[in-house]
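Please treat every number below as a calculation from the coordinates, not as lab data. These numbers were taken from a predicted model, which means no experiment stands behind them. With ideal geometry, Cβ positions are generated from the backbone for all residues, glycine too; neighbour counts draw on all protein chains shown.
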Amino acid sequence: MKKRIALPLAALMALLHCAELDFVYDNPCDKTGTNYIGGCGGGDNGGGGGDDNYVYTGGTVRIGNQTWMAKNLDRATTNSKCYNNSADSCAKYGRLYNWNDAKSACPSGWHLPSDAEWTTLTTFVGGESTAGTKLKSTSGWYNNGNGTDEYMFSALPGGYGYSGGHFTSAGGGGDWWSSTEDDA
C-alpha cells in the first residue's frame, strides 16, 4: 500500500502538491545539482513524466525551509483524471493521480514529497492537529470546512477518483500523495 497524506481534512486517486528540493542528496544520478525522488534527472522518470516542456506556473510558497507548489497540480499524465471527467474541475482542484502517475507527475525541478517532508511541513505549521486548518484554502470546502490558509498552501478538496470511473467528495475531502511506501 502506498502512503497518502490526509491533512486532517475530512481512493485510489489523490491530489498532488510537489515540493522543490533545496539540497542535494548523495546520488550518482544527480549531475545537475538537482535530485529527483524516484529516479535520475529531467523529464523521464524523476520529475517530469517525460514532458520537459511542461512548466508549473501556479506560484510557490516557502514554509519553513521548504518550497511547495501554491496550488494542486494540474498536469495531465497517462492515467490522471479530472473530477467527474470535467475540465472545470481540473481548473479548480487540480488533477487526481494514481500512485504510478503521482511518482512521475511533478515537473522538472520538483519531486513527490516523502512522508518525512510532509511531517516537516505539518510540524512547522503547528502539528497534525492544526495543519489541516492552517493549510486549507479559505473557500471551497463544504460544511464550514474552510481553513485559514495561513501559509498560502491553498489546499483544495479535489475529492477522490476510483479505477472504475466513480468519483466522490469534491468539496468535502482530499488526500495528497507521498513518495513513501506504507509498510501496512
In nm, give the distance between the simple-model label positions of residue 115 and residue 86, each being 7 Å from the Cα along the Cα-to-Cβ direction.
3.5
Can you list residues whose amide H is under 5 Å from residue 63's amide H, if they're 5+ apart or on another chain and H is modeled 1.01 Å from N?
68
Quick one: order 166, 111, 17 by neighbouring beta-carbon count within 10 Å, fewest to most.
166, 111, 17
Taking amide hydrogens as modeled 1.01 Å from N in the peptide plane, which residues meet the under 5 Å criterion relative to residue 58, leaving out close sequence neighbours?
none
19 Å Cα-Cα threshold exceeded, pairs from 92/136; 81/103; 81/136; 103/134:
81/136; 103/134
Return 125, 61, 55 ranked ascending by Cβ neighbour count within 10 Å, so the fewest neighbours appear first.
55, 61, 125
